[in-house]
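Enquirer: A single structure is presented below for examination.
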Amino acid sequence: MEAFCPADEFHVRERLIMILVKKINKQDIIVNCELIQTIEFSPHAVITLTNGEKIIIAAGPEEIIRKVIEYKRAVNARGIEIRAGNASIEAM
């Protein structure tokens, strides 16, 4: 499998997607962090989604929090770009 660079975790062909995490069986999965309800750490990270599904992943709290924060920043930056683009169009 190809290695992901940090930007690839959040963008594919200029479109915003979800975050990449690795399950404890070493399988890569992509999670929609908007659906994360809770994350428990004992000893593995257990992500509980809003639909009740649980995913056990091989990551520490720092890594998960970093990825979620980076995702949220990317989403917010994209919203700012869209709003700025709309303002430019309205000014014309």
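The values are calculated or read from the model by the stated rules, or taken from the named source; none is laboratory data. Note that this is a predicted model, so its numbers are computed, not measured. Please note: Cβ atoms are built from the backbone with ideal geometry, for glycine as well, and neighbour counts cover all protein chains shown.
Enquirer: Would you pick out the residues in segment 24-34 that are within 23 Å of Ala74 (Cβ to Cβ) and not in a strand (DSSP E or B)?
Expert: Passing the criteria: Asn32, Cys33, Glu34.
Enquirer: Of all residues in segment 35-92 being more than 22 Å from Asn25 (Cα to Cα) and outside any helix (DSSP H, G or I), which is modelled with the lowest pLDDT?
Expert: Met92
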